[in-house]
Amino acid sequence: MQKEIGQKIKALRSAKGLTLKDISEKTDLSVGFLSMVENGRTTIALMTLKKIADALNENISNFFTGADTQELDNRHTFCRSYNRKIRSINGEYIYYNLANGNKEFVMDPILVELLPGQKEEDVIQFKHSGEEITYVLEGVLTFYLDGQEHVLYPGDSYHGFGDVPHNFVNLTNKVVKVLYILTPPMWQNNQLVAPETQEGTEVN
């Protein structure tokens, strides 16, 4: 995948008439490193790719293509980590598909990566129908439930109904990864159902 990503970066940069030096100045990444990325000779962290995407004025999801699941049939699928597709990006939240979107399923499993940069004052708590499970895979997650703050570490989890205002955020300077499971699914047709701007607004 790193080779394909590098090729896309190079093609977009060339199409926009930008040099490696231009991208270097916009991202604070060295020209040598950027050259290695474009030629597929090094791996690239998600936050670094986001810097490059921003410098190119592109959505980071444009660098990820291909089938995200391997289907035995519509009711049984495998999702490969090296071919996982981004479902949507909302600010510092990046959502990855862990299923094929079959509307017969009653659970909606999602991998969420939370980038650094969130602030406590920007947290919007919301409600929704059904239940959810949040399991911390990596990093330190701050979970707000009905105005109360709870700090979760790798291996910690939350399970509850969605009828109480809540949300989770990353207040650290490192990426946080979370397994997020909803039932019934709130995410349809690869579109993020975003909460309203008022705290406690119900989302269905």
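The values are calculated or read from the model by the stated rules, or taken from the named source; none is laboratory data. Since we're looking at a predicted model, the values are computed, not measured. Every residue, glycine among them, receives a Cβ derived from its backbone with ideal geometry; neighbour counts consider all protein chains shown.
Looking only at residues of segment 99-132 that are of a type in the set (D, E, K, R) and in a loop (DSSP other than H, G, I, E, B), we find that the one that is nearest to Glu149 (Cα to Cα) is Lys119.
Given the criteria surrounded by fewer than 19 Cβ atoms within 10 Å (Cβ to Cβ), assigned to a strand (DSSP E or B) and hydroxyl-bearing (Ser, Thr, Tyr), does Tyr158 qualify?
So Tyr158 passes the test.
Of all the listed residues (Val112, Val151), the sole one being modelled with pLDDT of 90 or more, in contact with a strand residue (DSSP E or B) (Cβ under 8 Å, 6 or more places away or on another chain), among the hydrophobic types (A, V, I, L, M, F, W, C) and surrounded by fewer than 13 Cβ atoms within 10 Å (Cβ to Cβ) is Val151.
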